[in-house]
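Novice: I have a structure here, written as structure tokens, and I will follow up with some questions on it.
The values are calculated or read from the model by the stated rules, or taken from the named source; none is laboratory data. On a predicted model such as this, the values are computed, not experimentally measured, just so you know. Don't worry about glycine lacking a Cβ; one is built from the backbone with ideal geometry, like all the others, and counts go over all protein chains shown. Calculation scope for accessible area: heavy atoms of the full protein, side chains included, ligands and nucleic acids excluded. Shrake-Rupley method; radii C 1.70, N 1.55, O 1.52, S 1.80 Å.
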Amino acid sequence: MITVSNVRVPPDYDFTDLRDVCASALNVGSEQITECRLLRRSVDARKKSDVHFVCTFAAALSCDENRVIRRIKNTAKYQQPQMHTVTPNRDRTLPRPVVIGFGPGGMFAALTLAEHGYRPIVLERGNAVEQRVADVNNFWNNHLLNTESNVQFGEGGAGTFSDGKLNTGTKDCRQRTVLETFVKYGAPQSILYSAKPHIGTDNLVAVVRGIRERINELGGQVKFGCKVCAFDIADAKLRSVTYESAGERYTIDCDAAVLAIGHSARDTFRLLHDLGVPMEQKPFAVGARIEHSQQFIDRLQYGRFAGLPQLGAADYRVSAHLQDSRGVFSFCMCPGGTVVAAASEEQTVVTNGMSNSARDGDNANSALLVNVSAADFGSDHVLAGVEYQRKIERAAYRLTGGYRAPAQTAEDFLRGAVSSHFGAVRPTFTAGVAPADLAGCLPSRVCDGLKFGIARFTETMPGFDREAVLTGPETRSSSPVRILRGDRCMSPIAGLYPCGEGAGYAGGIMSAAVDGIRCAENLML
């Protein structure tokens with residue numbers, strides 16, 4: 001097969017029969033296309049009067065493919081499939097490896113180990129996804145927080161209650177394995193070719209359950225409600241892992257454990273630090289969620305083409321640099337989505353964003369974040385970033401007197417006033433909102449950065465500061481620590497493999513899943 005790239009396709013093209021557009025790009029008759037497959041599709045909306053798709057196709061021809069390549073050599077070439085293989089060397093008679101955490105990193109680490117015959121034992125502190133959904137809804141509707149099973153903890157990790165975005169800046173060939181695995185267990189085929197693939201929360205629930213069932217079928221064991229509470233480390237080597245379940249303690253003898261604990265496992269960070277596991281402070285970002293009408297974002301991005309079903313709900317990405325060199329930027333943009341209550345500790349307020357696969361909600365939401373670092377934490381203690389987050393989250397709880405989030409129109413935020421009403425954009429925060437000035441919970445440097453960013457983004461996105469609602473705080477953008485590891489993904493404590501977003505080596509579902517595969521491969525060597 002050959003690939004042809006940079007193919008311009010009209011925004012109303014239905015993509016049901018690819019042969020015509022592929023034949024036109026290759027300058028051959030459609031009858032000479034024996035097979036055609038879409039490899040990549042993105043939207044070019046730089047000119048609002050000329051919005052279109054840019055596509056890459058793979059095609060098999062009945063004519064001379066070499067001649068076609070020579071004729072359009074700038075865009076056509078032979079397809080070179082990416083291959084990724086690993087040859088395990090670890091003795092399968094050794095103690096079964098343990099995977100701690102069942103978010104994307106732990107899930108793909110466990111699946112990789114199981115597929116190679118190592119029968120991993122997975123310890124997840126939260127509940128299976130079926131019960132976890134009930135736990136989350138109970139918090140959203142009744143403000144009854146389960147601190148062990150919530151938006152942060154449980155099967156699938158924090159990504160299960162998100163947009164399920166899979167785009168990443170990494171170029172690792174393992175990405176294809178991740179995408180194909182998600183499709184195998186129920187994700188839409190479109191993630192294989194979309195430039196900005198997403199699964200959606202509604203699909204993720206079924207996908208993660210399918211992966212769990214496969215791990216168990218292969219001899220692994222995924223255990224829920226199992227919180228790791230101790231590690232036996234002697235001579236800088238892992239000897240065993242102890243966990244609590246239903247009020248009892250159990251110990252697993254092991255010499256290898258993947259630490260895929262997630263960015264909110266603050267008690268586990270403390271446990272590891274007290275044991276002397278090397279780690280360091282890590283910069284992250286803090287801010288609030290901003291909501292606009294999705295129709296407004298569609299018109300802003302697509303102009304007269306807004307509303308075309310082929311284009312779907314529009315997204316955006318913005319960034320700017322402040323005078324003190326820190327950045328302010330959008331993050332985890334959720335078209336047609338909802339702002340969700342994501343607390344994992346009592347008497348704290350945390351926001352995040354979520355979309356279903358259809359992205360058909362009335363509002364678009366995105367985190368607006370400002371970079372923070374050790375200079376902001378006020379201490380050189382490794383866990384100072386955790387306390388910085390916690391201080392903000394508790395202040396937000398006090399500001400509203402409960403789990404409702406403080407909310408404010410963007411215009412009122414810019415002038416420091418409590419909003420008397422929210423206008424046409426109704427806040428979607430799942431636990432409810434209360435009018436309040438976000439300056440009452442966010443540090444002044446963060447507020448100043450957000451105000452600068454909103455003003456700057458309005459210059460290129462007219463109206464960005466009007467008919468917009470801010471809900472905060474957003475504090476869990478990434479891990480506040482990095483658990484140190486070497487070239488083979490192993491901690492200086494032999495047998496510990498820090499993995500994924502919580503360990504400081506990923507930023508999102510895709511990069512965490514790739515890191516899970518990478519850690520499993522190194523464990524098997």
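Novice: Report the residue count in region 156-191 for those that are in contact with a Pro (Cβ under 6 Å, 6 or more places away or on another chain) and outside any loop (DSSP other than H, G, I, E, B).
Specialist: Qualifying residue count, region 156-191: 2.
Novice: Is it the case that K171 is farther than 21 Å from S477 by Cα, charged (D, E, K, R) and either open to solvent by less than 10 Å² (accessible area, probe 1.4 Å) or at pLDDT 95 or above (or both)?
Specialist: Criteria not met by K171.
Novice: I'm trying to understand the selection: among the residues of region 111-124, which are more than 21 Å from A230 (Cβ to Cβ) and of a type outside the set (V, I, T)?
Specialist: Residues of region 111-124 more than 21 Å from A230 (Cβ to Cβ): 111-119.
Those that are more than 21 Å from A230 (Cβ to Cβ) and of a type outside the set (V, I, T): L111, L113, A114, E115, H116, G117, Y118, R119.
Novice: Also, quick follow-up: Quick check, is C519 part of a loop (DSSP other than H, G, I, E, B) and under 23 Å from G169 (Cα atoms)?
Specialist: Details: part of a loop (DSSP other than H, G, I, E, B): no; under 23 Å from G169 (Cα atoms): yes.
So C519 fails the test.
Novice: S420: out of contact with any Cys (no Cβ under 8 Å at 6 or more places or on another chain), in a loop (DSSP other than H, G, I, E, B) and free of Cβ contacts under 8 Å to residues at least 12 places away in the same chain, yes or no?
Specialist: Spelling it out, it is not the case that S420 is out of contact with any Cys (no Cβ under 8 Å at 6 or more places or on another chain), in a loop (DSSP other than H, G, I, E, B) and free of Cβ contacts under 8 Å to residues at least 12 places away in the same chain.
Novice: Looking at A396, A384, A410, A431, which is the one that is of a type in the set (G, A, S), touching a Phe, Trp or Tyr at 6+ places or on another chain (Cβ under 9 Å) and surrounded by 24 or more Cβ atoms within 10 Å (Cβ to Cβ)? Give the steps one after another, and end with the answer.
Specialist: Details: A396 fails: touching a Phe, Trp or Tyr at 6+ places or on another chain (Cβ under 9 Å); A384 fails: surrounded by 24 or more Cβ atoms within 10 Å (Cβ to Cβ); A431 fails: surrounded by 24 or more Cβ atoms within 10 Å (Cβ to Cβ).
On inspection, the qualifying residue turns out to be A410.
Novice: For F139, all conditions in the list (1) closer than 13 Å to L523 by Cβ; (2) assigned to a helix (DSSP H, G or I); (3) more than 21 Å from the chain's Cα centre (by Cα) hold save one; what is the number of the exception?
Specialist: Going through the list (1) closer than 13 Å to L523 by Cβ; (2) assigned to a helix (DSSP H, G or I); (3) more than 21 Å from the chain's Cα centre (by Cα), F139 breaks only (1).
Novice: Looking only at region 240-259, decide whether some residue is touching an Asp or Glu at 6+ places or on another chain (Cβ under 7 Å), surrounded by 15 or more Cβ atoms within 10 Å (Cβ to Cβ) and within 30 Å of A407 (Cβ to Cβ).
Specialist: So in region 240-259, the residues touching an Asp or Glu at 6+ places or on another chain (Cβ under 7 Å) come out as 240.
Subsequent filtering for residues that are surrounded by 15 or more Cβ atoms within 10 Å (Cβ to Cβ) retains 240.
Still in the list and also within 30 Å of A407 (Cβ to Cβ): none.
No; the residues of region 240-259 include none that is touching an Asp or Glu at 6+ places or on another chain (Cβ under 7 Å), surrounded by 15 or more Cβ atoms within 10 Å (Cβ to Cβ) and within 30 Å of A407 (Cβ to Cβ).
Novice: Among the residues of region 224-236, what is the count of those that are open to solvent by 70 Å² or more (accessible area, probe 1.4 Å), out of contact with any Leu (no Cβ under 9 Å at 6 or more places or on another chain) and closer than 17 Å to P498 by Cα?
Specialist: First, the residues of region 224-236 that are open to solvent by 70 Å² or more (accessible area, probe 1.4 Å): 232, 235.
From what's left, out of contact with any Leu (no Cβ under 9 Å at 6 or more places or on another chain): 235.
Those left that are additionally closer than 17 Å to P498 by Cα: none.
Residues flagged as open to solvent by 70 Å² or more (accessible area, probe 1.4 Å), out of contact with any Leu (no Cβ under 9 Å at 6 or more places or on another chain) and closer than 17 Å to P498 by Cα within region 224-236 amount to 0.
Novice: While we're on this one: Mind checking which residues of region 446-491 are open to solvent by 10 Å² or more (accessible area, probe 1.4 Å), free of Cβ contacts under 8 Å to residues at least 60 places away in the same chain and in contact with a Lys or Arg (Cβ under 9 Å, 6 or more places away or on another chain)?
Specialist: Of everything in region 446-491, just one residue is open to solvent by 10 Å² or more (accessible area, probe 1.4 Å), free of Cβ contacts under 8 Å to residues at least 60 places away in the same chain and in contact with a Lys or Arg (Cβ under 9 Å, 6 or more places away or on another chain), namely T458.
Novice: Further question on the same structure: Give S357, S379 a once-over and let me know the one that is of a type outside the set (K, R), in contact with a His (Cβ under 9 Å, 6 or more places away or on another chain) and open to solvent by 30 Å² or more (accessible area, probe 1.4 Å). Talk me through it step by step, then tell me what you get.
Specialist: Numbers: S379 fails: in contact with a His (Cβ under 9 Å, 6 or more places away or on another chain).
Within the list S357, S379, the selection yields S357.
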